[in-house]
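Asker: Before anything else, here's the structure in question.
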Amino acid sequence: MSFLSLYRKYRPENFNDLIGQDQVKITLKNALKNDRVAHAYLFAGPRGTGKTSTAKVFAKSLNCANPSAEFEPCGECNSCQRIEKGNSLDVIEIDAASNRGIDEIRELREKVKFYPGEGQYKVYIIDEVHMLTKGAFNALLKTLEEPPESVVFILATTEPHEVITTIMSRCQRFDFTLLTLSDLKKRLQYIAEAEGYEIDREALDILARSARGGMRDAISLLDQAISFSDGRLSADEISRMLGRIDKSDLKEFLLYLSREQSQQALQLLNKQLDSGLGIERFSEELIEYCRELLLIKECGIDSGILEYSRSYLEEIASVAANLSTKKITRIIDEFASLKQKLRSSARPRLQLEISVIKLSSRGSSGSSLEARLSELEFKLDNFLTGNDSSDFKQKIKTKKSAAQMETVNQPESINKAEQKTAEEQKESENLEQKNEQKNEQKSEQKNEQKPTVAGSQNDDKIAQEETTAQKEVSDETVSQSDNSGGAVSLQKVKENWARVLKEIRQLDVSVQALLREGAPTAVEGKTIIIAFPESKKFHYKGASSNQAMVARVLRNTLNEAVEIEFQLGAKKKITDQPIDQPAVSSQVESDEVDLVEDFNSEKDEPASQSTDLSDQAGELDIESLARIFSGEIIEVDQSILENRGGN
């Protein structure tokens, strides 16, 4: 007898032999038990997940002469034997990839009318049904919807989205899923022992991962491995057979990347490529290995996410301890994007080398320190428990951030002891200087502007460790400006108002036109008052609706955390003159100030005096008012208004 492939030799003969797909098995067995067999089924799922095997087992159960109590086919009757050998007249298998035309479907429609020859049902198994043409699908519709009582259709496909909806709506759909690693390894172990071969647990891991969830692929790889080896199947032989990269080489490559040793990384890469390894295969292997490192680093060895041997998990954990999570995710992102570039690149090897150089030269000068701290955190996650461990890990993170700041701000020639001494001296000088400034301030300014030191020494120490020398100088400058009397001066706001209007014009010219009618008149703490005249109520409302944008531009221009407030009326010093335009003369400014001061002084006096003031203001002619406020007199054509009113 000629050689028979293992995936054909160990094809499932009953429902118990089907690996995985429990939801499908339970539904089909209950349909047989309750006599609820449908006229059409659609089996959809990836390749090698048991669609055709399940269809044959179901067909055997339908026509078995002596089914068991659980409706399993006996495998011994004449019908079961013929179906198993593939020469049954009642089970017709059709390959839709080669019989996809309308003529083949018309022939099928004619044969459907005949009754079964031996069993109770005539079963049509149409494999890769999505390959049928649209005309063939339409020809199958009526027969599929109302077949003879003794006919059952089983359609199998790996592309269910390509099956037309009118066909799918006439079938009961079963979705087959990829098999788990544990299911694959159990089946491979059973077949290897049945064939008389010994196989290592690590070798089972490699075969199961390489199959990517397909049972037929896994059994085919096992068949190939048996032919490659002589008796015992070891992990090294199977890795060599599959052309996979040795894990030690991947580990060494990742360490070169983490240490920013681009030359060594490129040399190792060149060695792998010269040995015949493809660039895409190298990228896939590295991404898969980084995924394992990431899961072990985040979830631990005992999480059960990775179904590998204990020794392999411990080996992965030792590698993950030397790499930070950020570095691993960066490598995965870079090589994932590299796979997209390789599809359209004329020089794929150059793209790979550029990615390696990016990954090995992007880190900071403190990457070695970060790796050591990352290793310490990983060990703490695995061996420490309780509140004490969380507090201790928080301290480690605080020290980590402080060490990173020292690495950035201090020269490389200074050792750790000298850095610590210089930092402590700087802290003491800073505290003394701030205490002297604090004693010179008034009591009210102490309460408002200076934080208390008592009761928060630990917090101050942590904050001072993270503060650079440049930031301390800026803090002293701000403290001196606070002692002088105000956070933001009105003069500074006026000097920068023209810039503010210019920036707002670039964002929204309509808002700039509204703001030109107002002006900053006062500063209260961190709040800038922008006032509009009574006659500019429209401009006031429009500016108020865009207050957030104006405040943002003011903060960026002044470099201060300020707020704004819009006011309507002569509550402050108000002019109709835009702030970015020069005044007509100093005399106009003085007249304006006098009028505003008179108005402010008279608004609280009796009504009679206020009336006298308004009378005096009424005596001023319109030309004088326009000159004082730098205004413009616009003449109104009454005829236009009359015509508009008439219309």
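Here, each number is a calculation from the coordinates, and none is a lab measurement. Only a predicted model underlies this, so the values are computations on that prediction, with no experimental measurement involved. Here Cβ is always computed from backbone atoms with ideal geometry, including for glycine, and neighbour counts include all displayed protein chains.
Asker: Going down the table (LYS60/LYS185; LYS271/LYS341; LYS134/LYS339; LYS9/LYS339; LYS271/LYS326), which pairs top 30 Å between alpha carbons?
Answerer: In this structure, LYS134/LYS339; LYS9/LYS339 lie more than 30 Å apart at Cα.
Asker: A further question follows. Could you point to the residue in VAL129, GLY243, PRO160 farthest towards the positive end of the range 127-285's charge dipole, with +1 and -1 charges on the Cβ of Lys/Arg and Asp/Glu respectively?
Answerer: Toward the positive end, the furthest listed residue is PRO160.
Asker: Which of the peptides 161-168, 541-548 is most tightly packed, and how do the rest follow, going by the mean number of other Cβ atoms within 10 Å of each residue?
Answerer: 541-548, 161-168
Asker: Which of the three applies to the range 204-316, rounded, prolate or oblate, going by the alpha-carbon gyration tensor with a ≥ b ≥ c and a/c under 1.5 meaning rounded?
Answerer: The shape class here is oblate.
Asker: For PHE228, PHE43, which order do you get if you count the other beta carbons within 10 Å of each Cβ and list the fewest first?
Answerer: PHE228, PHE43
Asker: Counting pairs of alpha carbon atoms under 8 Å apart in space and at least six apart in sequence, what relative contact order in percent does the range 486-581 give?
Answerer: Rounded, it is 36 percent for the range 486-581.
Asker: With a sphere of radius 11 Å drawn around the Cβ of LEU273, what net charge do the other residues whose Cβ falls strictly inside it have (Lys, Arg +1; Asp, Glu -1)? Could you put the intermediate results ahead of the total?
Answerer: Numbers: positive: LYS271, ARG281, ARG349; negative: ASP274, GLU353.
Residues close to LEU273 contribute a combined charge of +1.
Asker: Next question, about the same structure. At a threshold of 8 angstrom on Cα-Cα distance, excluding pairs fewer than six apart, so keeping six or more, what relative contact order does the range 247-363 reach in percent?
Answerer: Computed value for the range 247-363: 39 percent relative contact order.
Asker: Long-range amide H contacts for ILE564: which residues qualify at under 5 Å (H placed 1.01 Å from N, peptide plane, sequence gap of 5 or more or a different chain)?
Answerer: Amide H neighbours of ILE564: ILE528.
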